[in-house]
Structure formats: C-alpha cells, structure tokens
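Peer 1: Structure in structure tokens, see below.
The values are calculated or read from the model by the stated rules, or taken from the named source; none is laboratory data. Worth saying up front: this structure is predicted, and the values here are computed from it rather than measured. Every residue, glycine among them, receives a Cβ derived from its backbone with ideal geometry; neighbour counts consider all protein chains shown. What goes into the accessible areas is simple: the full protein's heavy atoms, side chains included, and nothing from ligands, DNA or RNA. Shrake-Rupley method; radii C 1.70, N 1.55, O 1.52, S 1.80 Å.
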Amino acid sequence: MHWHEMPPRPGRTTAWPARLAPELVDVFRQRGALEPYEHQARAIELALDGKDVLVATPTASGKTIGYVAPVIQRLIETNGGARALFLYPTKALSQDQTAGLTGLISELQDAGVGRDWNAFTYDGDTPPSVRRNLRDRGHLILTNPWMLHQGILPNHAKWAELFRDLEYVVVDEVHSLSGVFGSSVANVLRRLVRIARHYGSNPKFLASSATLRDPAAHARSMFGREVEVVGEDASPAGARHFAVYEPPLLDPVAGLRANALEEARTLAKAVVGPGHQTIFFCARRTAVEVLTRYLKESARELGLQPSEVKGYRGGYLPNMRREIESGLRDGTVKVVISTNALELGVDIGALDVAVLVGYPGSQSSFWQRAGRVGRRGRDSLVLQIARSEPVDQYLAHHPEYLFQEARERLGVDPDNLVILSEQLKCAAFELPFRRAAVDQPTDSGLADEPSFTTPEALEVLEYLSEECGFLLERENAFYWMADAYPAQDVNLAVGDIDNVLILEQGTETAIGEVDREASLVTCHEGAIYIVQGVTWRIERFDHKNRRAYAKPVESDYFTDAQTDTEVRVLRLEECRRRGIDGDLEQEDHSVWRGEVHVTTVATLYKKIRFYTRENLGAGDIHLPPEELDTEAFVLTLSESTSAKLGLATADRGAAWRALGQVVRRVTPLFVRCQPSDLGLSSHVKSPHFGRPTLYLYDRVQGGVGLVDLLLDAHRELLEAARDVVSRCACVNGCPACVGPADEVGPEGKFIVAAILDHLLAGPAPVDHDASELAGGGGSTGQADLSAEGHLPRGVGQEA
C-alpha cells in the first residue's frame, strides 16, 4: 500500500564535556564513542548542573551514555561515596544493562579508578548472599518497579546506606509508564523520594524515553517536578525503508482478507535469507509458536538450517533466552520470531529486517520495533502487515501517521483514589505521616511531606485510620497498625489486585488465574475452562475468597456466557455542545465527561459444541454483580438529530453500538491504551439523558485519566472512525470496520457512516454548562463523599 524511505543521516558530534574525568572519557573512546552526539553532551551537562533530565529521542540514538556518564562522574568525584538506583521496566533489560555497566566499571578499574565499585542487579533471581553484598557495597543498583515496590522500600532500614548516599534515580523507557501501571509507579517514586529525604538525601531523576507527544508533562506526572527535556536526536542513521502491506481481499462482500500470520509466512520467502538477520514481531505467544513452526519447517527453502530460526517470548527459561540473544548478537541466529519481549532495549545486535505482524498498538512501540534494525549505520527494511482491525486498516490508508510527530496522549493519574489509597498504606508502613500544625498549614494538610502533596492524601489517611483500622493516629501522626506489610498485596498493574485463582478440586493444585471482571464469565458453576486443550468444569466458585474449583472432564462443548451492563450517571463535570445552525439552545449533539457507576451482571451461559458450534442448551448464572465507580466519556444525540439519522427506533440499536465499537477500536491511535481498557455501553434512549447515548468508560476503579484524553481527542477519533468505515471494501460491514453484517444489521454500516458524516460536517462542540439538560437519571451535583461519608465513591470498597 505504501513505501517510505528515510535517507541516510550523518551524526552531529561535539567535544566531551570538560567536567568529565579524563579516565572516563578515555573508556568511552576505547568503546568507540570518540565524541558524544550533541544530545548526549547536552544531557550530560544538564545532569552535572544538578538538573532533573529526560532524554526523549528515538531507539538506538545512544540515550544510555546520557545518563551513565554523569552517574559515573559523580562516583569519581565522591571517590565512591555516591550511589545510584537504575529502574528498568523488565527484569531482562535490567540484567542486560548490568552486564554493560559491569564492563564499563571493569575498564575504569583497569585505568586505576573505582577499584571497589560494583554494579548489581536486584530482582527475584538475586541470591540472598548477593543481596546482602549489594545492600552494603552496591554503588549502582539495577532493578525494576516491582522489586523497588515490594523489596526495597518496605525494607528501607536494611538499605539505609543506599538511601543516605542516593544521588541519582535513573528511570529507563519512561514512555512505557502509563495507565494503571504508570500511575502506580509514579506513587512508588513518591515513596522513594520520601524515604530518601528521611535519610538526608535528595536524588535527581535522569530518565530516558522514546519520542513522546508532550514529554515534559508526562515527566511532571511521573516525577512530581519539572524536568529538562533533551529531545533533538543527533545520532547517525543508515537508509531506512518502510513498507505497509495489506493482505489481499478474499471476499469483497464480507470484507474478508487473508490472515496476516499466513501472509507473514508467505512473505518470509522475500525477507528471510542466509545473508542477513530478520525479526518477526507477533501480538500473541500462540502466534509466535505457530510462525516459528512454519519457518523452521520451511527453513531449507529459505536457505537456512532449522536451528537458525528461533522463537522468543515470555515463559522461556532464562538460559534459553540468553542463548537466543547471544545467537542474534554473533549472527548464528538468522531469524527470530518474538512477542514484545524483544521490543525494549535488550542488546541483540544489529538486525536488518523487521516484520510487524499487525500494528503493535502505539507509535512508540512501532518505533521501538523498527529501531531493532538498521543500527550502526546499516540499511534496513521495516514491513508492517495490516490485520483486519480498524487501527491497522486506518494505517494502511494513512501511513503518514507513522512518520509524523507523536500524536498519542498518555494517561497517568497518580492521584486516582484507589491507587493512592493502596500506595498510602504502603507509604505509612514505611514511615509515619504527620498532620500539619494549625499555625503552619499546608495544601495537603500534612507536615514536612515532600511527595504526597495532594489534598486527598489526608482524607485517605483519616479513612484508613478511623474506618479500616490499618492506621493509628496518635499525637497528630499516623502509624501503621496491621500485622502484614501491605506492599505484598498491592500490585502495580490493573486486574492483579483481586484475581481469581482456579484450583483443581480435591488437590487444590493451581491450574489458572483470571482477573476479577473476567471471572464472571469464566468461573461460574458449569463453565468449561480450557488449559492447553484440556477441558475442566467449574464445580464451585467461592466468590468471597476469590477461588474457583474445577475438575477435568471430557467435554465436546465449550461455554459462552452473556452479561448485562448498566451505567448510571453520578455526576457530570464537563460538557461540550453543538447547536443546530449554531443555536446552542437547540442541541444537535453533545459530549460529556463525568463520573458513572457501572454494574455488570452475568445472566446465562450457552453450551456450544466444538467445530460445529451447535447450541446444546443454556444455564442460568447466579453470581453477585461486579460494580465499578469510574469516569466516562459520553456522546449524546438530540431527539431531532437521532430521528433524522434513523435512530428513533430500538431496532437500530445494533448500528448505534457499532459506532461505539469502531470509535473504541481506533482510540489507540490518539490515546495510549488498548481498546480493552475502555468499557462500552450504548442506549438508543438512555434512561438518564432520554436520547441516544454512548458511554466509553475507564475500566479501572476511579479512572486513570483516559476520559480527559478522550474528550480532548474525540474529533480525531470520529475522523479516524469515519475514514475506516468509508474506505473499507466490504458492503454491509465486517470485522475490519463496524463489525460483521449479521451483528450490525443490513443497514448498520450505512447508518454508522451517516452518523459520523453528520457529527463531523459542522463545527466542533463548544464548552457548555454541564448542569443544563443533564437528564434525570442520577445526581449531577458536586458532592464528593461516598455513602459512608468519608471518601469518594469506590475507595471504601477497595480499602
């Protein structure tokens, strides 16, 4: 569909900063860096000036030197008295970087500098003896957010020397920190700064990231302070060739295209060979294994040996992963098929061709994968294969999106009340909080508090003390009271806090785990649960204790559960309206941001025979509803507009929902998230608004800022959705646009296209008073307290 070429680009270098020790400069020169690139030198100078720094440049631009050089220089200046903590998003990346830092220190020691310096990895594989050694003598500690959260911070007394001498906190791959995980990590960093201040240090942040839409704002959300951004890439690059490939259309009526994985298998004949190295990126582990098998079986046709083709994914043993990485570096592995496990900066050498089987979900991920090839100034090819997904189809027709400046908005909300309450429990366990004196008031109501400065922090602490009993308040200070340390029960990622464990009945051997929401449709009594092709029947679901009990059965069917979701508006906080012919008193349509209560009930399940998909019967499900208090983006049409567009009758509900589906599925083009991060509810006549309404709600308790981004980007979302629908070659609907015709109705695609054309035909909605025409189905006031009278809705339940 498209070819794009980037010509070779020379690098721009400058002199090493004069403040760097000659021995350190000599080591970098011996490693091939005769002079730093301009952006590296700029980052080093800012760090040496005592600034917090974010280097936001593309993959393979040499960001590592930008933060390693000032850290080592500070070690030289203090004769080993300073320490640094390096935070990487994955265990594999921290181990890889440890090897590089250890080699650098060894070369400095050969030059007579830093004879007792050490760089250590601290993760779950670190032996106890090494842990003691790195606590006492580790100058550079490389770890990940989980180990910092559960291992280091709760045991800070054992790490007193580290926190006393901590001068730098290095955070790599900052662009990967968004959503629930990013919001949680931001709070972990608050806790780290709080403990460091307790021991008398005030560390600076040195961070690196792929190119971002607004790197300064994202860094401010993560670190709670302003940072200096270095964003201009001065590194060299070889010629880069990009191709966007769309599988052929097999059935124009149904819009059915050839499978992207099968096309990758076919295209391997053109992009795989003995004279170069190729990496395939797949979305799922299953796809990795399938394509690996295909290419091993056809290896000799490709001029390779089967041993030169390797799969790579999470779940492989560490020794196997290291062996594959080594083979890629030395060239003995010619083809690797990977999930996103090789997306981040693990050193695998300089490959030549990258094949992306489907869009990875974000511009930064696309460029991370593209950056795996063409390093060290060599020419490279990146091939993007489009799947039958709206985002992939949009990019097939708008490939320029990939090469423009970053457009995705990152959602981070460290003050989300559910996340904040969990992290405050962890922080209170580590160090007590103190109320501000009456004559020395603070914005947060807390005294000498460097990190948790939001006004809600004191409310949460009072709730944890007065209602939950986790804290004891004595002499204006809050002390941890419970037996266990809270970090062991607080996960940093969504869905893991309250998972359901599936056990074999009788032996109670664990056979699987599902998140709380999915348990409604997978763990009800009578459900068939499948593991590696083996069928198990759920015999009992202990909903209260989050345990399901199953026994193996020979089943010729699987189960498919149905759910009903109700969205109730609690409060509308922002509204933008477009009037008919510009008259806001005559509404055409409106978009809203507000708080909602979502109730999901599993109603019944069907038994579907394998292969034939014959319906063998149904059964009722008797489980409590799942409830969620969160934020929602709302789109409403006026009654006159809906009648004009054919939505006045309930039988057009499928088309209205299809509109919501396609908008949700193109959201990752403009907001850093997955479609599954957003729930969808549609009404042809909403009980609250009394007119057609779409709700796109954040599926995290309390929300993590996605809805604000949706409101700002909604016109771009509608434009992308219209483009996908109008360009799709199907007649009445298909999975690549609005959904299959039998789901959206014979006129579904036409109705969706007409609505999108209408919404985009006139001017954008403008700010309007959210209290007007808000409907009568729920409160629209500004009350902030839950029914318990203490915290915003949802926090009490979680706490």
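Peer 1: Quick check: residue separation of residue 307 and residue 573 times 0.36 nm, minus the Cα distance between them. What number comes out in nm?
Peer 2: Extra length from residue 307 to residue 573 when fully extended: 89.8 nm.
Peer 1: In region 199-242, which GluC sites (Glu not before Pro) fall in coil by DSSP and have 16 or fewer other Cβ atoms within 10 Å?
Peer 2: Within region 199-242, the qualifying GluC sites (Glu not before Pro) (loop, at most 16 other Cβ atoms within 10 Å) are 226, 232.
Peer 1: Quick one: check the C-alpha center-to-center distance for region 176-231 versus region 714-770, whole angstrom.
Peer 2: After rounding, the separation between the Cα centres reads 38 Å.
Peer 1: Now, a different point. Assign unit charges at the C-beta atoms only (+1 for Lys and Arg, -1 for Asp and Glu), then state the dipole size of the chain relative to its Cα centre in Debye, rounded to the nearest 20.
Peer 2: Details: 84 positive and 111 negative charges, 516 e Å.
Rounded to the nearest 20 debye, it is 2480 debye.
Peer 1: Around residue 341, with a cut-off of 10 angstrom between Cβ atoms, what is the net charge of the other residues, counting Lys and Arg +1 and Asp and Glu -1?
Peer 2: Result for the neighbourhood of residue 341: +2.
Peer 1: Please identify the trypsin sites (Lys or Arg not before Pro) of region 92-165 that satisfy two criteria: DSSP loop assignment and at most 15 other Cβ atoms within 10 Å. Which are they? Provide the component values of the computation, followed by the final result.
Peer 2: Values: sites: 115, 131, 132, 135, 137, 158, 164; in loops: 115.
Qualifying residues, ordered by number: 115.
Peer 1: If I stretch the segment between residue 403 and residue 216 completely, what's the gain in nm (0.36 nm per residue apart, minus their alpha carbon distance), one decimal? Don't skip to the end; give the middle numbers.
Peer 2: Numbers: separation 187, 0.36 × 187 = 67.32 nm, distance 2.12 nm.
Length gained between residue 403 and residue 216: 65.2 nm.
Peer 1: For a quick protection proxy, order the peptides 34-42, 754-762 by their average other-Cβ count within 10 Å, most packed first. Don't skip to the answer; put the middle values down first.
Peer 2: Values: 34-42: 21.0, 754-762: 17.1.
Sorting 34-42, 754-762 by mean packing, highest first, produces 34-42, 754-762.
Peer 1: What list of ³J(HN,Hα) values in whole Hz, one per residue of region 719-729 in order, does the Karplus curve 6.51 cos²θ - 1.76 cosθ + 1.60 (θ = phi - 60°) give from phi, with Gly and Pro shown as x?
Peer 2: 5, 5, 4, 4, 4, 4, 5, 6, 8, 5, 7
Peer 1: Each label point is 7 Å from the Cα along the Cα-to-Cβ direction; what then is the distance between the points at residue 643 and residue 476, in nm?
Peer 2: Computed distance between label sites residue 643 and residue 476 equals 6.5 nm.
Peer 1: Could you sort out which of 51/158; 63/334; 91/158; 91/296; 63/204 sit more than 24 Å apart by Cα distance in this structure?
Peer 2: Exceeds cut-off: 51/158; 63/334; 91/296.
Peer 1: Continuing with this model, one more query. List the aspartates and glutamates whose alpha-carbon lies under 12 Å from that of residue 607, not counting same-chain residues fewer than 8 positions away?
Peer 2: 556, 560, 620
Peer 1: Follow-up question, since we're still on this one. Tell me the carbon and sulfur percent of the accessible area for the chain, rounded to whole percent, probe radius 1.4 Å.
Peer 2: 47
Peer 1: Of the peptides 604-612, 654-662, how do they stack up when ordered by the mean number of other Cβ atoms within 10 Å, highest first?
Peer 2: The peptides rank, most packed first, as 654-662, 604-612.
Peer 1: Using modelled backbone amide H atoms (1.01 Å from N, in-plane), which distant-in-sequence or interchain residues come within less than 5 Å of residue 229's amide H?
Peer 2: So residue 229 has HN proximity to 54.
Peer 1: Sequence-distant or interchain residues sharing an amide H contact under 5 Å with residue 557, placed H: which?
Peer 2: Residues meeting the criterion, in which the H sits 1.01 Å from N, are 610.
Peer 1: Which whole-Hz ³J(HN,Hα) couplings does region 7-13 yield from phi under the Karplus relation 6.51 cos²θ - 1.76 cosθ + 1.60, θ = phi - 60°, glycine and proline marked x?
Peer 2: Working through the residues one at a time gives x, x, 10, x, x, 10, 10 Hz.
Peer 1: Same structure again: With +1 on each Lys and Arg Cβ and -1 on each Asp and Glu Cβ, how big is the dipole of region 1-117 about its Cα centre, in debye rounded to the nearest 20? Before the final figure, lay out each step's value.
Peer 2: On the way: 12 positive and 13 negative charges, 42 e Å.
Result for region 1-117 is approximately 200 debye, rounded to the nearest 20.
Peer 1: About the Cα centre of region 505-565, what is the dipole size in debye to 20, counting +1 per Lys and Arg Cβ and -1 per Asp and Glu Cβ, all else neutral? Mind showing how you got there, number by number?
Peer 2: Details: 7 positive and 11 negative charges, 52 e Å.
So the dipole magnitude of region 505-565 works out to roughly 260 debye.
Peer 1: Specify which residue in the list 461, 254, 183 is farthest towards the positive end of the charge dipole of the chain, using unit charges on the beta carbon of Lys, Arg (+1) and Asp, Glu (-1), about the Cα centre.
Peer 2: Result: 254.
Peer 1: Determine which lysines satisfy two conditions relative to residue 749: a Cα distance under 29 Å, and not lying fewer than 8 residues away in the same chain.
Peer 2: The reachable lysines, counting only those whose Cα sits under 29 Å from residue 749, are 606, 644, 685.
Peer 1: Using mean Cβ contacts within 10 Å as the protection proxy, how do 744-753, 416-425 order, highest first?
Peer 2: With the highest mean Cβ count within 10 Å placed first, the list reads 416-425, 744-753.
Peer 1: Would you please name the GluC sites (Glu not before Pro) within region 445-490 that are DSSP coil residues with at most 14 other C-beta atoms within 10 Å of their C-beta?
Peer 2: 467, 475
Peer 1: Using the heavy atoms of the protein chains alone and a 1.4 angstrom probe, what is the accessible area of region 224-285 per residue in square angstrom?
Peer 2: Working: 2900 Å² over 62 residues.
Here the per-residue accessible area is 47 Å².
Peer 1: Here is a follow-up. What Cys residues in the chain are without a partner cysteine, judged by a Cβ distance under 4.7 Å?
Peer 2: 282, 426, 468, 523, 575, 673
Peer 1: Another one. Under a 5 Å amide H to amide H cut-off, with H placed in plane at 1.01 Å, what residues pair with residue 529 once short-range neighbours are removed?
Peer 2: For residue 529, whose amide H was placed from the backbone, the distant partners under 5 Å are 536, 537, 538.
Peer 1: I'd like the Karplus ³J(HN,Hα) series for region 710-718: coefficients 6.51, -1.76, 1.60, θ = phi - 60°, whole numbers in Hz, and an x wherever there's a Gly or Pro.
Peer 2: 4, 4, 5, 9, 5, 5, 5, 5, 5
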